[in-house]
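Take a look at the structure set out below.
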Amino acid sequence: MKRAKKRAPAQRAAARPARGARRRGSGVTTVYKALKRDVLNMTLAPGDPLDETSLSLRFGMSRTPVREALVRLVSEGLATTLPNRNTIVSTIDFLGMPAYLDALTLMYRVTTRLAAERRREVDLVRMRKRQAAFARAVRDADAMAMLETNREFHLAISQAGGNKYYTEMFARLLNEGLRVLRAYYQSFGDHLPPEYVDEHEVIVAAIEARDVERADAVALQHARQIVRRIEGFIAPTVGDALRLDARPKV
């Protein structure tokens, strides 16, 4: 009986993933999550510098994973690369907040209406899965998880409508408003009232029933309660009574 032929060291090394590559990928995730948490919690304030050298020292890593983490933050609108190539925490446009909240309210409504028209069973499964994750985050008072799962829930609704432009626009608005939503959760001490979780269930029920007008109404109600609380500490006037069913007169 022949013995199995031993592989050369070079062959064994080629057969397994590079440990350095695994560490780098893990390092990027570690830096990204830590910085994102700091930005959302305002530990890193708008306009604060995100210096690669300083961050490398903070995390005990090379500049490469730090740079990649910063690229991810820039893509989400949480960081900004300046013309001189320096990166800072993105500023918050408080003067533009009323217009932002108008646009956000509109996207809540239009994506929910479209989902009620076009949803498939697989879309309902995805929505319920993400809603369950959001409910767990609320129960655990895990603000970072609430931010992520709420975003994913509403993007699942948008995806059910099948319009990629709406989904891309909504994703950009949700990303841009993460710090505002973080302040919204903080206004409850990160203990979100259960009725706000229930509102998601009502939205899903309207979509499942293909009741377009009901879906629009509950999406508007959901957006309004968020907007009105934000108005109290950020934007004093926002016009959210937008009509989507208006038809031109002939």
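The values are calculated or read from the model by the stated rules, or taken from the named source; none is laboratory data. Worth saying up front: this structure is predicted, and the values here are computed from it rather than measured. A quick note on method: Cβ atoms are made from the backbone with ideal geometry, for glycine too, and the neighbour counts reach across all protein chains shown.
A few notes on this one:
- Considering only residues in region 84-124 that are without any contact (Cβ under 8 Å) to a residue 40 or more places away in the chain and in contact with a strand residue (DSSP E or B) (Cβ under 9 Å, 6 or more places away or on another chain), the one that is nearest to Leu178 (Cα to Cα) turns out to be Thr87.
- Assessment of region 102-112 against the conditions (on the phi > 0 side of the Ramachandran plot and either polar (S, T, N, Q) or not assigned by TED's automatic domain parsing to the domain that holds Ala215 (or both)) yields no matching residue.
- The residues of region 60-117 that are among the charged types (D, E, K, R) and assigned to a loop (DSSP other than H, G, I, E, B), listed by number, are Glu76, Arg85, Asp93.
- Whether a residue is over 19 Å from Leu101 (Cα atoms), part of a helix (DSSP H, G or I), β-branched (Val, Ile, Thr) and modelled with pLDDT of 95 or more was assessed, and Thr149 passes this test.
- Yes/no for Arg182 being farther than 18 Å from Val202 by Cβ, in a helix (DSSP H, G or I), among the basic types (Lys, Arg) and in contact (Cβ under 8 Å) with a residue 60 or more places away in the chain: yes
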